[in-house]
Amino acid sequence: MSSYVVDASVVIQRLIRFTYTENARALFSQLADSDKLVVPEFCLLECTNVLWKYVRFQGMGESTADSLVDDLIGLPITVYGSGDFLKRGLQSA
């Protein structure tokens, strides 16, 4: 089993179109059953903040943003508390 830590810049591109959306979608679709994507808990807040900005400044409808939050919650990601990453971030690969 392999775990890959990704951040909001990858996850949000799975939901709305940006420069690397196709890469993000490919990453999600090519995961093996034994693989998992791991995110720090604040990733969900960061993604929701991007959606809020799209509603506030880009004209995205609130119902669309609500639907995308549901999609965010349903993504095949494992959420860890930030503290879980502190010591691991100091370890060499």
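For the chain, what does the relative contact order come out to in percent, with C-alpha contacts under 8 Å and a separation of six or more? All intermediate terms of the calculation are to be shown ahead of the outcome.
Details: 76 pairs, mean separation 31.7, N = 93.
RCO, the chain: 34 percent.
Tell me what the chain gives for mean residue ellipticity at 222 nm when only DSSP H runs of n ≥ 4 count, each as -39,500 (n - 2.57), the sum divided by the residue total, rounded to 500 deg cm²/dmol. Can you show the working numbers first?
Values: 5 runs with 50 residues, N = 93.
The per-residue figure over the chain is -16000 deg cm²/dmol.
Taking the Cα atoms only, what angle lies between the long axis of helix 42-57 and the longest principal axis of the chain, rounded to 10 degrees?
Helix 42-57 sits roughly 20 degrees off the main axis of the chain.
When Rg and Dmax of the Cα atoms in Å is calculated directly from the model, which label among [x] 12.6, 39; [y] 14.2, 44; [z] 19.4, 61 fits?
[y]
Using alpha carbons only, how many angstrom separate the centre of the range 35-70 from the centre of the range 1-15?
About 13 Å separates the Cα centre of the range 35-70 from the one of the range 1-15.
Starting from the Cα of Glu22, step 7 Å along the direction of its Cβ; do the same at Asp66; then give the gap between the two resulting points in nm.
3.4 nm
Would you kindly state how much longer the chain becomes between Ser29 and Leu45 on full extension, computed as 0.36 nm times their sequence separation minus their alpha carbon distance, in nm to one decimal? Don't skip to the end; give the middle numbers.
On the way: separation 16, 0.36 × 16 = 5.76 nm, distance 2.31 nm.
Fully extending the segment from Ser29 to Leu45 adds 3.5 nm.
Roughly how many debye, to the nearest 20, is the charge dipole of the chain about its Cα centre, given +1 on each Lys and Arg Cβ, -1 on each Asp and Glu Cβ, and no other charges? Show your work: numbers first, answer last.
Details: 8 positive and 11 negative charges, 54 e Å.
That gives a dipole near 260 debye.
Give the angle, between 0 and 90 degrees and rounded to the nearest 10, that separates the Cα long axis of helix 62-74 from the longest principal axis of the Cα atoms of the chain.
The answer is roughly 20 degrees.
Any read-out appearing in this document is the output of simple, stated calculations on the displayed coordinates, not a laboratory observation. Remember, it's a predicted structure, so these values are computed and weren't measured experimentally. Positions of Cβ are generated from backbone atoms using ideal geometry, with glycine treated the same way; all protein chains shown enter the neighbour counts.
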